[in-house]
1. Identify all residues within region 19-37 that are farther than 18 Å from L193 by Cβ and in contact (Cβ under 8 Å) with a residue 12 or more places away in the chain; write none if there are none.
2. Just to be sure before I move on: is Q90 part of a helix (DSSP H, G or I) and of a type in the set (S, T, N, Q) in the structure I sent?
3. Contact list please: Cβ distance under 8 Å, first residue in region 132-153 and over 24 Å from F192 (Cβ atoms) and free of Cβ contacts under 8 Å to residues at least 60 places away in the same chain, second residue assigned to a loop (DSSP other than H, G, I, E, B) and acidic (D, E), pairs at least six apart or on different chains.
4. Out of all the residues in region 137-165, which are exposed (fewer than 12 other Cβ atoms within 10 Å of the Cβ), more than 22 Å from R122 (Cα to Cα) and charged (D, E, K, R)?
5. Give region 170-196 a look and list any residue that's surrounded by fewer than 17 Cβ atoms within 10 Å (Cβ to Cβ) and closer than 24 Å to D69 by Cα, or say none.
Amino acid sequence: MSLLRPDLAVIADHIPDGARVLDVGCGDGALLSDIRLRKQADVRGLEIDPANVAAAVGRGLPVVQGDADTDLGYYPDKSFDFAILSQTLQTTRRPDKVVEELLRIGKQAFVSFPNFAHWRGRLSLLWGGRMPVTRLLPERWYDTPNIHHLTIDDFRALVRERGWTIDAQWFLNDERTTGSANANLFAEHAVFLLHA
């Protein structure tokens, strides 16, 4: 069993050996550490939180402090095989522009996010009339870092509008993958692999 969060485990399992990887919003570097060790990947990280940067650097990882909304423009075109944005898209000011930058920087991009259309959230709104607080989304509406509440169908629509290509997609409930049929209703998280 992987010690990584389920979406990170999916990403790690699909990074080929020796890949050049940029993890945007890398947190404490858990994913980077795993793929550097298991896949001998050439890894880099960008993280906004100073404590997470310190934790990642403490693991011996090349992570710099930066903001996905403003600092991706400093990276050259196609300088990585994979650009990763895991559980960060919903916290950015312009998610569409951030994904655009990922696809410019990387040959492919992994994007994972919580699905705000999951049935438990819908039920919470329907019966309780309040924004849901769950194990996976523990913050309240006023202290959450999530400023864009997207769904799987919203993300698919964005991909179509921009003419990007979905190379693979995974839908998760806890640590289990679930099928794509009705994923917008039944999946708690989604992971997409894209290219421009």
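1. Residues satisfying the conditions are G27, D28, G29, A30, S33, R36.
2. yes
3. V133/E139
4. R160, E161
5. H195, A196
Okay, residues lined up against (1) farther than 21 Å from S112 by Cα; (2) crowded, with 22+ Cβ neighbours inside 10 Å; (3) more than 18 Å from the chain's Cα centre (by Cα); (4) among the acidic types (D, E):
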position	(1), (2), (3), (4)
R44	no, no, no, no
A55	yes, no, yes, no
K78	no, no, yes, no
F82	no, yes, no, no
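Quick note: the coordinates plus some simple rules give every number you see, no bench work behind them. This structure is a prediction, so every number in the text was calculated from the model and none was measured. Cβ atoms come from the backbone with ideal geometry, glycine included; neighbour counts cover every protein chain shown.
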